[in-house]
Amino acid sequence: MSQTATLPIAGLNDDAPPALRVRGYWANVGHRLRHDPVTLCFAAVVLLIVLMAIFAPLLAPFDPYKESVVLRLKPFGYRGHTLGTDELGRDLLSRLIYGARSSLLMGLVPVCIATALGGTLGVIGGFAGRRVNAIIMRTMDVFYAFPSVLLAVAISGAMGGGMANGMAALALVFIPAMCRVAETATAQVRSLDFIEAARATGAGRLAIVRYHVLGNVLGPVFIYASSLVSVSILLASGLSFLGLGVKPPTPDWGLMLSTLRQSIYIVPLSCALPGAAIFVTSICFNLVSDGIRSAMDVRL
Amino acid sequence: MTALVEVSDLSVRFVTREATVHAVNGVSFSVRPGEVLCILGESGSGKSVTLRAMMRLLPPRRTRIDGTIRIDGQDVLALDKRRLRELRGGLVSMIFQEPMTALDPVYTIGTQITETVMRHKGNGRSAARARALELLELVKIPEAERRLANYPHELSGGLRQRAMIAMALSCGPRLLLADEPTTALDATVQIQVLILLRRLQRELGMGTIFVTHDLGVASEIADRIAVMYAGRIVEEGPVADVLRAPMHPYTQGLLASTVHGQSRDGEIEAIPGSPPDMRRLPSGCAFAPRCIHAQPACRTTMPEPRWPSPDRMARCVRIDDAALVAAE
Amino acid sequence: MSDARDVGGPAQPLLIARDLAKHFQVRGGGRSAHVRAVDGVSFTLFKGETLGIVGESGCGKSTLARLLLHLVQRDAGELIFDGEPVGAPHGITVAGLRRHVQMVFQDSYSSLNPRMPVQDSVAFGPFVHGRSKPDARRVARDMLVKVGLNPDLFGPRYPHELSGGQKQRVNIARALAIEPRMVILDEAVSALDKSVEAQVLNLLRALKQQFNLTYLFISHDLNVVRYVSDRVLVMYLGRVVELGPSEAIFTRPQHPYTRALLGSRPSMDPRHRIEEPPITGDPPSPIDPPSGCRFHTRCPFAEAVCAERAPELGEWRERASHVAACHMLEPGSGHSRTVQ
């Protein structure tokens with residue numbers, strides 16, 4: 001009798017590892033990120049680029065649209081133009097600073113759209129029955145069959161150039177991949193016992209998805225999305241370079257690369273600048289994404 | 001008779017950025033040729049790590065191993081890569097809980113055993129093939145000839161386990177390391193594999209170290225038994241003596257809490273609490289927090305091994321007392 | 001002892017399963033095959049008892065558990081919960097059934113959401129059943145105390161911060177949080193260390209009394225089943241081979257399979273070891289299982305009749321009945337060893 005009474009209490013004193021700090025998952029991820037100097041460095045660079053884009057009007061020394069016949073293709077430092085001028089006599093530094101805006105937009109917006117749409121489709125596909133899954137995933141497979149660059153070019157070519165169309169095209173390119181990632185993650189979670197346990201509790205599908213699936217799918221989806229940003233920046237530059245993305249005279253790194261290309265023998269250094277900007281931005285996003293990935297890989 | 005295996009003061013630590021796990025903390029034991037030593041312990045007690053350390057199978061970058069391991073006179077921790085390869089699969093073989101970890105899914109059973117025999121013994125292909133068939137018959141695989149052409153996934157769990165045993169025996173090891181080889185098997189299959197292993201071990205005269213968490217399995221196969229708790233051997237002795245009259249409170253608790261014909265009317269005498277965190281072991285006896293006999297001295301220092309009789313050891317402060325009382 | 005939820009009265013069995021069947025279709029090698037996971041299983045579960053279900057892998061015991069909770073749709077058969085047919089027009093709904101029947105799974109880790117503090121996992125059931133969030137949280141904390149975990153210390157933790165035994169306590173709390181009348185324990189203690197297993201078994205025993213529960217205890221460990229169960233049901237390849245009171249099954253097993261299963265238990269006595277395995281070979285695959293009596297491929301007493309015709313599971317009349325499905329027990333079956 002006394003044993004019956006004491007047994008459950010025996011567990012109460014069972015305060016296993018007392019020093020084990022109780023931290024939530026995200027707090028754990030944050031803790032790891034804070035102790036990763038490399039990722040922090042690149043995150044700082046990304047932040048600088050973002051700030052540069054936001055405060056472009058304050059930072060740019062000249063009007064990026066002001067053309068001048070006499071100032072065409074001037075070298076570095078010519079009459080206050082620190083980085084020289086382009087083929088229409090516009091200040092290169094100012095155009096580079098303003099160009100960050102379109103590059104970042106083209107990097108982030110399509111990924112956000114694709115994450116929202118593709119992620120939702122993926123979760124539905126992963127959690128709904130076999131038939132819904134087949135319809136969604138087979139449709140995605142059709143898009144998957146094309147190389148992403150070709151698809152982006154084809155879609156934005158068909159819709160006509162322009163920034164909005166370019167973003168839409170890129171989003172369409174990313175949706176199948178995003179959907180695939182979300183679907184795989186959902187299917188994995190779905191097979192775990194705790195989903196079955198939740199069903200056994202009498203929970204409906206919506207409640208299960210909301211409380212048990214989303215939290216577990218968000219991680220992989222977010223990791224994948226962050227790795228897509230750099231791809232998106234590169235692809236957007238490619239579109240602009242081909243004249244399918246941002247329209248002139250808007251300052252855009254890809255477009256600048258395309259127009260300066262003809263002057264490569266006159267001002268080779270200036271030519272390399274937009275390319276370098278694209279490279280630095282995309283690689284920083286990439287490395288930050290890698291850091292987030294390893295920080296989120298907390299063994300649970 | 002000289003010992004086949006001599007392990008002294010073995011400790012294994014896993015060092016990660018976040019913490020150091022003290023998996024094995026000063027383990028010493030020896031195995032004579034042809035003897036079966038069962039290392040009995042619960043999950044996290046360090047029993048499997050001890051076994052893996054003997055084969056140097058632990059990831060070298062994150063593992064710190066101290067102490068000495070001698071197998072047939074060779075200092076295992078000092079062997080170079082070539083010698084180590086000769087040791088593994090030659091003098092020493094290992095079998096696992098999950099045969100799919102040891103068998104390659106893309107080759108047939110026959111090919112795998114044949115290759116192993118050719119590599120270690122330098123036999124020709126046809127001789128090696130004949131040896132493979134012989135081995136499958138030795139482990140009582142029905143229709144051995146046909147099974148040689150099977151892939152691992154085509155076999156049932158019990159046959160797969162037998163095939164892995166056949167492969168482990170292919171080079172005539174003198175020491176067999178078995179890591180819970182029957183745990184994943186169904187009851188009716190487990191007893192078949194246990195009896196097979198016992199017979200093979202006797203016929204081939206292999207020294208065997210058999211790691212298990214199951215007292216019943218140990219009672220079927222062991223000559224001697226070493227009970228591990230929190231990376232230390234807390235009790236050791238002939239299997240019948242340990243099971244009949246356990247000395248260490250942990251062994252006593254383990255026996256009492258193993259359900260075996262207890263009356264349905266009463267509760268099972270469970271050991272309270274849970275095993276310690278291997279990242280932060282208490283300074284004294286690791287079992288003290290769960291022990292009903294714990295004294296203040298238990299919490300300060302780990303008791304040294306005590307030998308109440310020549311073939312029995314226990315690390316508990318109460319043992320000497322008992323022996324003294326008996327002497328008076 | 002009166003329970004407002006008790007509709008049918010104490011004599012009404014809590015759960016009656018009649019001829020439950022579930023066949024999965026598997027494709028492989030260009031042809032499709034049926035896995036007869038559960039193939040005509042009938043049994044009666046009385047109020048307040050513990051029915052043990054034993055069998056080896058592939059015998060369908062886990063599928064049976066999921067059928068009982070409608071986590072898997074049955075292909076045939078009938079389920080009656082406290083006198084009300086489940087899913088029938090005049091009976092109890094599946095949602096209603098799940099309010100009364102809960103399950104504890106074997107894998108204590110994967111049955112808890114890794115991204116949720118355990119107290120929220122426990123609170124999820126009451127929340128889904130209409131309690132407010134703070135209210136559900138309060139129920140969860142009470143439940144944690146009942147399973148022996150300090151809610152302040154363990155409630156906010158995540159599953160990976162608990163030991164196996166602690167996680168299984170949480171799972172038990174989760175199952176009991178919506179006050180079920182019946183709990184299915186699917187290998188609930190099998191993955192635990194022996195010392196922890198004993199603690200959890202004691203806990204289950206105490207909770208059963210406290211909450212007036214009925215247990216369906218599925219396990220492959222015969223010693224544990226014997227300790228826990230009032231009655232035992234033995235399964236082999238999707239069918240019931242023997243059913244009876246626990247003591248009778250363990251002291252006077254009738255079916256050759258049950259005898260083999262009991263004889264395969266390690267002796268626990270090094271001086272009296274098992275020298276010969278009771279039966280040889282592995283359990284056959286449940287895909288296209290053997291004809292007739294499914295055990296005939298491994299049975300030492302198999303005769304021609306065993307491969308031809310499936311034996312009937314004797315006539316089950318009442319709680320104390322002890323029945324087995326074997327031609328040797330069936331007079332006039334044509335088996336030479338039939339007892340007269």
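The values are calculated or read from the model by the stated rules, or taken from the named source; none is laboratory data. It should be emphasised that the depicted structure is a prediction, and the values quoted were computed from it without experimental measurement. Neighbour counts are summed over all protein chains in view; Cβ atoms, including those assigned to glycine, are modelled from backbone coordinates with ideal geometry. In case anyone asks, the SASA skips ligands and DNA or RNA and just uses the protein heavy atoms, side chains included. Shrake-Rupley method; radii C 1.70, N 1.55, O 1.52, S 1.80 Å.
Summary of computed values
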quantity	calculated
Charge dipole of the protein assembly as shown about the Cα centre (unit charges at C-beta), most positive-ward option of C:H23, C:S219, A:L170	A:L170
Positive-end extreme of charge dipole, the protein assembly as shown - chosen from A:S156, C:P300, A:F285 (charges on Cβ)	A:S156
Charge dipole (debye, nearest 20) of region B:99-172; +1 at Cβ of Lys and Arg, -1 at Cβ of Asp and Glu	140 debye
Solvent exposure, largest accessible area first (probe 1.4 Å, DNA, RNA and ligands not counted), of C:C59, C:C299	C:C299, C:C59
Order of exposure, largest accessible area first, which applies to C:E308, B:E269, A:E87 with probe 1.4 Å	C:E308, B:E269, A:E87
Lysines with Cα under 30 Å of C:K133, excluding same-chain neighbours fewer than 8 positions away	C:K146, C:K167, C:K208
Acute angle (nearest 10 degrees) that the helix A:2-12 long axis makes with the longest principal axis of chain A, alpha-carbon atoms	10 degrees
CD proxy at 222 nm, helix term only [per DSSP H run n ≥ 4: -39500 (n - 2.57); per residue of the protein assembly as shown; nearest 500]	-13500 deg cm²/dmol
Pairwise label distance in nanometres, C:D3 with A:A187, each label 7 Å out on the Cα-Cβ vector	4.1 nm
0 to 90° range, to nearest 10: angle between helix B:187-204 axis and chain B longest Cα axis	80 degrees
1.4 Å probe, heavy atoms, protein only - residues of region C:96-136 losing at least 50 Å² accessible area vs chain alone	C:R98, C:F105, C:S110, C:N113, C:R115, C:F124
Max mean-square fluctuation residue, GNM over chain C, Cα-Cα springs under 10 Å, options C:P256, C:P284, C:P156	C:P156
Number of partner chain Cβ atoms within 10 Å, mean per residue of B:271-280	6
Farthest positive-ward along the protein assembly as shown dipole, Cα basis, beta-carbon charges - from A:L273, B:H22, B:T101	A:L273
Cα gyration tensor shape for region A:90-153, rounded if a/c is under 1.5, else prolate or oblate	oblate
Shape call, chain A: gyration tensor on alpha carbons, a/c limit 1.5	oblate
Accessible surface buried once A binds C (1.4 Å probe; total of both sides; Å²)	3400 Å²
C versus B: buried accessible surface, summed, Å² (probe 1.4 Å, to nearest 100)	3600 Å²
Accessible solvent surface per residue of region B:7-94, calculated while the other protein chains remain in place, 1.4 angstrom probe, Å²	46 Å²
Drop in accessible area of at least 20 Å² in the complex versus isolated chain, residues of region B:205-226, 1.4 Å probe	B:H213, B:G216, B:S219, B:E220
Separation of the A:L218 and C:D152 label points, Cα + 7 Å toward Cβ, nm	2.9 nm
Summed residue charge, Cβ within 11 Å of B:R129's Cβ, Lys/Arg positive, Asp/Glu negative	-1
Candidates B:V239, B:V259, B:V193, ranked by Gaussian network fluctuation over chain B, Cα under 10 Å, top entry	B:V259
Set of lysines near A:K66 by C-alpha distance (under 20 Å), chain-local residues within fewer than 8 positions excluded	A:K74, A:K247
Residues of region B:13-39 with amide N under 20 Å of a point placed 7 Å along Cα→Cβ from B:R62	B:13-25
Total charge dipole magnitude, the protein assembly as shown, about the Cα centre, Cβ charges on Lys, Arg, Asp, Glu only, Debye to nearest 20	2300 debye
Simple Cβ-charge dipole of region C:189-340, Lys/Arg +1 and Asp/Glu -1, about Cα centre, in debye nearest 20	340 debye
Estimated distance in nm for a label pair at B:R82 and A:S68, the labels positioned 7 Å out from Cα along Cα-to-Cβ	7.6 nm
Chain C: C-alpha gyration tensor shape, a/c 1.5 cut-off, then a/b vs b/c	prolate
Fluctuation leader among B:A288, B:A218, B:A297 - chain B, Gaussian network, Cα springs under 10 angstrom	B:A297
Portion, in percent, of the accessible area of the protein assembly as shown that falls on carbon or sulfur, probe 1.4 Å	57 percent
